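Structure first, then comments.
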Amino acid sequence: MARILLTGGAGFIGSHTAVALLGRGHDVVLADNFSNASRSVPARLKDITGVDCPVHEVDIRNTQAMQAVLAGGAFDAVIHFAALKAVGESEANPLLYFDVNVAGTLSLLTAMRHAGIGRIVFSSSATVYGAPEHCPIAEAAPLHATNIYGRTKLIMEDMIGDLVRTGMLSTAFLLRYFNPVGAHPSGLIGEDPRGVPANLMPYLCQVAAGQRDCLTVFGDDYPTPDGTGVRDYLHVMDLAEAHCAAVEVALGTYGTHAVNLGTGTGYSVLDLLHTFERATGLAIPYRIGPRRPGDAPSCYADPTLAKAMLGWTAKRTLHDMCQDSWHWQSLSAKARQAAEHGGSQAPTTAGAQLLA
Ligand code: NAD
Ligand code: WQD
């Protein structure tokens, strides 16, 4: 069993990965500055797993503090989730993204060198493929940044790869996630975006919960079967299990490995919307709007390498993803209402009608 530090471990993907790692008997320590995570996450992890995970409240850019975390930890590997991830924000504030994502990763790598830790599993993204020329996308496809967020992921991939090549690190997995959605089936942890959600599933959930009136579908004139954008949605628990596989394989291998994590199947915006309706029994109001600048028509993975290298394939269906996202959303809406009204109430469905 391994001892693993999760930077950004209180976040959406980090918290689910913590559950999966603990379930496989690994020791998990979280490092997070809680800039995009609730302080209730560690307690919720304990509710789910029965394990009290040590948590360091720390900013990865603080190299000295990271050295202190790593030096005493006897870690076998680091899984590096901590980053900022909003495409629009990255274009509005590039310096912040270079600072947190790039300088933060440099700081972490410096602290890892100090502690003699040579294995890293890194959260990369399908965004490194830019506007893909064709789908499914294999790892050898051309890499291209179409925004600052994507640029930071490419720089971080290169930095890590160079450190493996020059011998400072022994092993790196660059995991290129497609579109993670869903939540732990307990409904205790999930994605909780601050402000207006930029991504489809959280927006859909907020419409279903009555927090927003209507979903705008960004374009229905793409060259796809129904004209709406096609993506490779992946259940976050499948993604979490892929991290377990990557860490376990990393312990016995060397070199840099870029690996796509997706299901290999593309679904359109309307596929997702109608599956959500069937999974929840709610009718979701929507309207067709203009295309969102920068969106690719289709983006889905060739997941062959993940199966070959990690022995991993995604198991959960689009229906599971919708059901678990809604379970999490409705439980957190209920908790919010209880906090606001001093009592417990069922989540409102003002934006969505119950299907007959
Ligand atoms: P998230 O925002 O939920 O998690 C990131 C965590 O990092 C948060 O808990 C946040 O508080 C923490 N953090 C941010 N800056 C920090 C700092 N300076 N020091 C310490 N902690 C810091 O995001 P997520 O969806 O869980 O994403 C995790 C990783 O996966 C990110 O690197 C993201 O770029 C990548 N990724 C996410 C998606 C997606 O759609 N969610 C897709 C591809 C790649
Ligand atoms: C999915 C589809 C939209 C919202 C983004 C980042 C990417 C990665 C994952 C981190 C598209 C459509 C969306 C809405 C809509 N993140 N849509 N109405 O753009 O594939 O990827 O998140 O690495 O880097 O770019 O995901 O969920 O925003 O969009 O019609 O209100 O839903 O046009 O076709 P995307 P998304």
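Centroid-to-centroid, using Cα positions, segment 115-156 and segment 187-243 are 21 Å apart. The dipole here belongs to the chain: it is taken about the Cα centre, uses +1 on the Cβ of Lys and Arg and -1 on the Cβ of Asp and Glu, and is about 360 debye.
Taking all protein chains into account, the per residue accessible area for segment 25-94 stands at 47 Å² (1.4 Å probe).
The C-alpha atoms of the chain define a longest principal axis, and helix 318-341 lies at about 80 degrees to it. Based on Cα atoms of segment 243-292, Rg over Rh with Rh as the Kirkwood radius reads 1.25.
Based on protein heavy atoms only, segment 106-146 ends up with 43 Å² per residue of surface accessible to a 1.4 Å probe. Measuring nothing but alpha carbons in segment 1-43 and taking Rh as the Kirkwood radius, the Rg to Rh ratio lands at 0.96. Straight-line reach from LYS85: taking Cα to Cα under 20 Å and skipping same-chain neighbours fewer than 8 places apart, the lysines in range are LYS153. If the chain linking ARG24 and ALA92 were pulled fully straight, counting 0.36 nm for each residue of separation and taking away their Cα-Cα distance, it would gain 20.4 nm. Comparing GLY11, GLY130, GLY167 in a Gaussian network model of the chain where C-alpha atoms under 10 Å apart are linked, the largest mean-square fluctuation is found at GLY167. Which percent of the Cα-Cα distances in segment 88-188 go past 22 Å? The proportion of pairs with Cα distances above 22 Å equals 39 percent.
Restricting everything to alpha-carbon atoms, can you work out Rg to Rh for segment 204-352 with a Kirkwood hydrodynamic radius?
So for segment 204-352, dividing Rg by the Kirkwood Rh gives 1.06.
Here r is the Cβ-Cβ distance between VAL196 and ALA339 and R0 is 25 Å; the resulting FRET efficiency, rounded to 0.05, is 0.75. With each label modelled as a point 7 angstrom along the Cα→C-beta vector, the ARG39-HIS134 pair spans 5.4 nm. When shorter helices are ignored and each DSSP H run of at least 4 residues is given -39500 (n - 2.57), the per-residue value for the chain at 222 nm works out to -11500 deg cm²/dmol. Taking only the C-alpha atoms of segment 64-107, Rg followed by Dmax gives 13.2, 39 Å. Over the chain, Cα pairs under 8 Å with separation of 6+ residues give a relative contact order of 18 percent.
Set Lys and Arg Cβ to +1 and Asp and Glu Cβ to -1, take the dipole of the chain about its Cα centre, and tell me which of LEU95, LEU30, CYS135 lies farthest positive. Of the listed residues, the answer is LEU30. Ordering PHE122, PRO185, GLN64 by the projection of their Cα atoms onto the charge dipole of segment 37-195, which places +1 on the Cβ of Lys and Arg and -1 on the Cβ of Asp and Glu, puts GLN64 at the extreme positive end. To the nearest ten degrees, helix 269-280 and the longest principal axis of the Cα atoms of the chain are 80 degrees apart. Charges on Cβ only, +1 for Lys and Arg, -1 for Asp and Glu, centred on the Cα centroid of the chain; of ALA10, GLY161, ALA258, which one is farthest towards the dipole's positive end? Checked the options; the winner is ALA10.
Give me the angle, in degrees from 0 to 90, between the Cα long axis of helix 12-23 and the longest principal axis of the Cα atoms of the chain, rounded to the nearest 10. Helix 12-23 sits roughly 60 degrees off the main axis of the chain. Each principal axis of the Cα cloud of segment 177-226 was evaluated for its coordinate range; sorted largest first, these ranges are 38, 28, 17 Å. Compactness ratio for segment 3-120: Cα radius of gyration over 2.2 N^0.38 Å (N = residue count) comes to 1.04. Using Cβ point charges alone (K and R +1, D and E -1), the dipole size of segment 146-207 about the Cα centre works out to roughly 80 debye.
Considering all different alpha carbon pairs of the chain, the Kirkwood hydrodynamic radius works out to 20.7 Å. Using Cβ point charges alone (K and R +1, D and E -1), the dipole size of segment 1-134 about the Cα centre works out to roughly 300 debye. Using every pair of distinct Cα positions in segment 142-226, the Kirkwood expression returns a hydrodynamic radius of 16.7 angstrom.
The values are calculated or read from the model by the stated rules, or taken from the named source; none is laboratory data. Predicted model only: the values in this text are computed from it and were never measured. Using ideal geometry, Cβ is built from the backbone for each residue, glycine included, and neighbour counts are taken over all protein chains shown. The area values use the complete protein model at the heavy-atom level, side chains included, leaving out ligands, DNA and RNA. Shrake-Rupley method; radii C 1.70, N 1.55, O 1.52, S 1.80 Å.
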